[in-house]
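Heads up: the structure comes next, in structure tokens.
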Amino acid sequence: MTVTALISLLIVIVKIVIVFMVLSVLVVFIVWFERKVVAHMQSRIGPNRWGPYGLLTSLADGVKLFFKEGIVPTTADRVTFLLAPGVSVIAAFLAFAPIPFGTQVVIFHRHVSFQITDLNVGLLWVLAMGSLAVYGVVLAGWSSGSKYPLLGGIRSSAQMISYEIALSLSLVPVVMSAGSLSLRSIVAKQGGTIGHINWLGPLGNVGKAVPHWYVFYHLPAFLIFLLAGVAETNRPPFDLAEADSELVGGYHTEYSGIKFAMFFLAEYLHVVTISAVAVLLFFGGWNGVHFSFLGWLWPLAWFVAKTFFFVFLFVWLRATLPRLRYDRLMEVGWKVLIPAALAWLVISGAAMAGGV
């Protein structure tokens with residue numbers, strides 16, 4: 001192996017370690033953030049004992065779960081029961097691998113991109129890892145040897161299949177517009193502004209101030225993606241797989257200790273990934289106002305700010321919307337989202353073919 005190849009490999013390893021650590025810390029912060037925001041929306045104080053503003057509460061919970069005794073039910077399939085949390089959390093981390101979160105920085109005369117790897121099928125990779133994560137939930141439900149986890153696992157598999165179709169179909173028009181499955185290329189296509197809008201006549205110059213983000217071209221696709229994305233993450237109001245009022249805790253009812261924490265970690269990682277994908281595909285990624293100094297910092301700051309807006313949206317939905325009934329959930333997926341996604345795909349294709 002040459003020195004150049006060795007340095008490149010070392011850079012990739014360092015990026016993997018940094019991304020892993022940042023995501024882990026980020027999940028701890030998001031758990032605290034969610035508790036605090038939901039508490040304020042419900043006129044409560046929220047966590048305020050450990051650290052300033054209760055910032056260390058989630059960390060204390062994590063330490064408690066890490067040292068808590070792990071229990072395996074006597075009726076469980078032991079090997080599968082122990083493997084399921086690992087499948088969920090590994091798939092959640094792998095899904096973030098092709099996510100670009102900024103431009104690049106020069107370190108020791110080498111250009112280092114803010115991305116673990118730029119796959120030319122990056123979007124397909126994210127969708128594939130999201131699908132693999134379902135296996136962790138289904139295996140956990142089946143292997144627990146209990147009726148509530150089994151029902152949770154079945155619900156999750158049906159929900160994921162239903163909403164993944166709508167989610168994938170909603171992304172096809174964006175891929176058609178960008179002509180690429182690389183997430184970095186899709187962001188690059190959204191640079192600049194829309195430009196003069198001819199059909200607005202004298203008011204057409206307003207387009208010169210509007211960013212060239214795909215949300216302005218594919219708003220229906222974005223709304224479908226957002227709804228399906230919330231369902232994909234098993235978050236309220238689509239958390240039917242772990243509905244505590246019906247299934248106790250659903251697929252993770254029998255889990256405790258660090259294995260339970262791993263499911264928790266995977267869920268919040270999916271929230272971050274779906275938020276990041278929404279920003280990259282519809283809101284121009286890291287494009288925004290930049291300044292001349294610290295040129296690498298502003299794209300990173302824009303990406304983080306936009307991503308946190310969607311994380312806040314996930315928290316807001318949890319705090320304000322009641323859980324859907326299961327049959328209604330499936331009805332929305334099959335009778336509303338999938339037909340709407342197909343209709344927008346046809347409209348987008350016709351518009352592109354007509355040169356619009």
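Data overview
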read-out	value
Residue count for the stretch 70-105, restricted to those that are in contact with a helix residue (DSSP H, G or I) (Cβ under 8 Å, 6 or more places away or on another chain), open to solvent by 30 Å² or more (accessible area, probe 1.4 Å) and under 24 Å from LEU281 (Cβ atoms)	4
Sole exception among (1) modelled with pLDDT of 90 or more; (2) of a type outside the set (Phe, Trp, Tyr); (3) open to solvent by 10 Å² or more (accessible area, probe 1.4 Å) for LEU269, by number	(3)
Verdict on HIS196 being surrounded by fewer than 21 Cβ atoms within 10 Å (Cβ to Cβ), touching a Lys or Arg at 6+ places or on another chain (Cβ under 7 Å) and more than 27 Å from PHE20 (Cα to Cα)	yes
From the options GLY141, GLY122, residue that is touching a Lys or Arg at 6+ places or on another chain (Cβ under 9 Å), buried (at least 20 other Cβ atoms within 10 Å of the Cβ) and closer than 13 Å to LEU183 by Cβ	GLY122
Selection count, the stretch 169-180, where residues are open to solvent by 50 Å² or more (accessible area, probe 1.4 Å) and part of a loop (DSSP other than H, G, I, E, B)	1
Among the candidates VAL137, VAL38, residue that is modelled with pLDDT under 85 and assigned to a helix (DSSP H, G or I)	VAL137
Criterion violated by THR307 - all others in (1) among the hydroxyl-bearing types (Ser, Thr, Tyr); (2) crowded, with 20+ Cβ neighbours inside 10 Å; (3) over 22 Å from the mean Cα position of the chain (by Cα); (4) more than 30 Å from LEU151 (Cβ to Cβ) satisfied	(3)
Every pair of residues 6+ apart whose Cβ atoms lie under 8 Å, when the first sits in the stretch 114-133 and is free of Cβ contacts under 8 Å to residues at least 60 places away in the same chain while the second is of a type outside the set (A, V, I, L, M) and buried (at least 16 other Cβ atoms within 10 Å of the Cβ)	TRP125/PRO98; LEU127/GLU164; LEU127/SER168; SER131/GLU164
Failed condition for PHE282, given (1) under 12 Å from the mean Cα position of the chain (by Cα); (2) closer than 25 Å to MET176 by Cα	(1)
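The values are calculated or read from the model by the stated rules, or taken from the named source; none is laboratory data. Quantities reported herein were computed from a predicted structural model and do not represent experimental measurements. Methodologically, a virtual Cβ is constructed for each residue, glycine included, from the backbone with ideal geometry; neighbour enumeration extends over all protein chains shown. The protein model used for the area step is the full one, side chains on, heavy atoms only, and it has no ligands, DNA or RNA in it. Shrake-Rupley method; radii C 1.70, N 1.55, O 1.52, S 1.80 Å.
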